[in-house]
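The block underneath contains the structure these notes are about, expressed in structure tokens.
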Amino acid sequence: MKFRDLLRLVINNLNRRKARVGLTAIGVVIGTAAVVILVSLAIGLQMNATEQLYSIGDLSQIYVMPSYGGEGSFVGPIGGGGGGGGEIASPDILLLTNSAVDDLRGIPGVKSVIPREYLMSSMFMQFRKMMGYSGIYGVGTADLADLGLETQQGTTQLSRATVVIGYMVAQNFSDPNLRPGQEPPPPPELYDQQVQLIISKWDSEGNEIRRNFSVRVAGVLSESGSEADWSVYMPLEQVKAMNEWAMGTRINYNKTGYNEVIVKVENADRTLEVRDQILAMGFQANTMLDFVQGINNFYKILQVVLGGVGAIALLVAAIGIANTMAMSILERTREIGLMKAVGATNRDVLTIFLGEAAGIGFIGGVGGVLTGWLAGQALNVVAVVYLAQQAAEQGGMPPSVAVYTPLWLPVFVLLFSIFIGMVSGLYPALRAATMIPVLALKYE
């Protein structure tokens, strides 16, 4: 039997029972629409979460820390002159010395390696009558643009006696002499202003000793949603000098190592590959891509679970298709006998009834895909508006999508609904194909 003849015969047979076919197809519509909506929702949530993580950090950066007590155990930082300054570390401690930094630079795919130190002393900032607190980082680069940071005011370049501050640093300033009931002053405009950094240490008798560093704010970073928003950046050598004063000892990075280094990879696609090589060297390493992978794995599981929930409705629809085809065979027993009497083979009869079952799955699949897509778009509009309001209240970034339907999903669901129809109609079709023509013609 030619495919064109088969298709015409299947369409004519389905048209003869429009009401029954329509009611059966509604079950398939519900099932396929549920699969499309639920899986699209999971994919949209995954994309939204991934976008948020992409906005927080550079996925081509790897944060490398020393390893204490062997591979896989991280106790805490001692680099940058912690402890005894020039003391030699224990053999089971792997430090980020200058030679280790050179080894990291030699890894294929690494674009740059930037040491980073934090101020290991009590510190507060003073601007006129206001005081503020923040973390101070010294970085081994002359331009913070190498770390993927941008400024909304000033420059990202670092030089002696200047600092670049995060977007939220000014929010930490307050007037310590504010009287009860007095309205607090607004955050100060720190760009291009002189700020006093006051660090302190204690002598052997417990007396506090302070030292004042006057610096100019050369730039204010753009909001990034990361730790950079609350940080103050200075040249590495300047923070090293502060730490040496606070700890009363010279710092030799060849012996004590750095607190942390940032490895910049040429291509984010190779981040995990480089991270694995760093871990193999014995250092501790993590990247924002680890969080992205964890999020993706979670949402992949969620897609399977939600798709399975929708597939339950398809299972119910499959039972309906099987019932419809079984009733159709009983009603058309004489017709089947006549078809066989005029030369139709078992294969021809099997193909016709499987085609009708697949046709019901196709009709329901098309309707379900369209219904699911339209419902997803409507839900997307409502969800994006709601999530945007929540983001505005919490200070986060608004989502661009809440429900996303990739092209492969409707195609897969449509093919799956056709497959479900064929599987559901397989047993009734086999019964029809194996009927004995004489008995079928005598059936009342």
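The values are calculated or read from the model by the stated rules, or taken from the named source; none is laboratory data. Everything quoted here is computed from the prediction, not taken from an experiment. When we count neighbours, we look across all protein chains shown, and the Cβ atoms used for this are built from the backbone with ideal geometry, even at glycine. To get the accessible areas, we keep the full protein, side chains included, count just its heavy atoms, and leave off ligands, DNA and RNA. Shrake-Rupley method; radii C 1.70, N 1.55, O 1.52, S 1.80 Å.
Each residue, ILE209 and ARG16, gets one label point 7 Å from its Cα in the Cβ direction; the gap between the two is 10.4 nm.
Using only side-chain charges placed at the Cβ, +1 for Lys and Arg and -1 for Asp and Glu, the dipole size of the chain relative to its Cα centre rounds to 2460 debye. Extension gain, LYS300-ILE198: 0.36 nm per intervening residue step, less the Cα-Cα distance, totals 31.7 nm. One chain, two ends: LEU407 and ALA326. Fully extended at 0.36 nm per residue, the span grows by 25.7 nm beyond their Cα-Cα distance.
Of the residues TRP202, TRP230, ranked by 1.4 Å probe accessible area with the largest first, the sequence reads TRP202, TRP230.
Of all aspartates and glutamates in the structure, not one has an alpha carbon short of 13 Å from that of LYS300, not counting any fewer than 8 places away in one chain.
The heavy atoms of GLU237 offer some 110 square angstrom of accessible surface to a 1.4 angstrom probe. Rolling a 1.4 angstrom probe over the protein heavy atoms with all chains in place gives the chain an accessible area of 51 Å² per residue. The GNM of the chain, with springs linking C-alpha atoms under 10 angstrom apart, assigns the highest mean-square fluctuation among ALA19, ALA285, ALA170 to ALA19. Restricting the count to DSSP beta bridges whose residues both fall in the chain, what percent are antiparallel, rounded to a multiple of 5? Antiparallel bridges make up about 85 percent of those DSSP assigns within the chain.
Going by alpha carbons, how many degrees (0 to 90, nearest 10) lie between the helix axis of 346-394 and the longest principal axis of the chain? The angle comes out near 30 degrees.
Loop-located chymotrypsin sites (Phe, Trp or Tyr not before Pro) across region 85-188 with a Cβ neighbour count of 16 or fewer within 10 Å are TYR133, with loop assigned by DSSP. Only helical runs count toward this figure. For the chain, summing -39,500 (n - 2.57) over DSSP H runs of n ≥ 4 and dividing by all residues gives -17000 deg cm²/dmol at 222 nm. Here the relative contact order of region 119-169, from alpha carbon pairs under 8 Å that lie six or more residues apart, stands at 26 percent. Note on LYS111: aspartates and glutamates with a C-alpha under 20 Å away, same-chain residues under 8 apart excluded, are ASP58, ASP102, ASP103, ASP143, ASP146, GLU150, GLU260, GLU266, ASP269, GLU273, ASP276, ASP290. Apolar share of the accessible surface for region 234-289: 44 percent from carbon plus sulfur atoms, 1.4 Å probe. Applying 0.36 nm per residue to the separation of SER159 and ALA268 and subtracting their alpha-carbon distance, the gain on full extension is 36.3 nm. What's the angle, to the nearest 10 degrees (0 to 90), between helix 288-331's Cα axis and the longest principal axis of the chain? That works out to roughly 10 degrees. The accessible-area ordering, largest first, of the residues ASP58, ASP103 stands as ASP103, ASP58, per a 1.4 angstrom probe. Put a dot 7 Å past the Cα of ILE93, heading toward its Cβ, do the same for SER122, and the two dots end up 2.5 nm apart.
For the chain, the relative contact order works out to 30 percent when only alpha carbon pairs closer than 8 Å and six or more residues apart are counted. The label-point distance for ASN177 and LEU370, in a model that sets each label 7 Å from Cα toward Cβ, rounds to 7.6 nm. The distance from the alpha carbon centre of region 202-226 to that of region 115-185 is 8 Å, rounded to a whole number.
In plain terms, the bigger the Kirkwood radius, the slower the diffusion; for region 157-269, with that radius from Cα pairs, at 20 °C and 1.002 mPa s, Stokes-Einstein puts D at 126 µm²/s.
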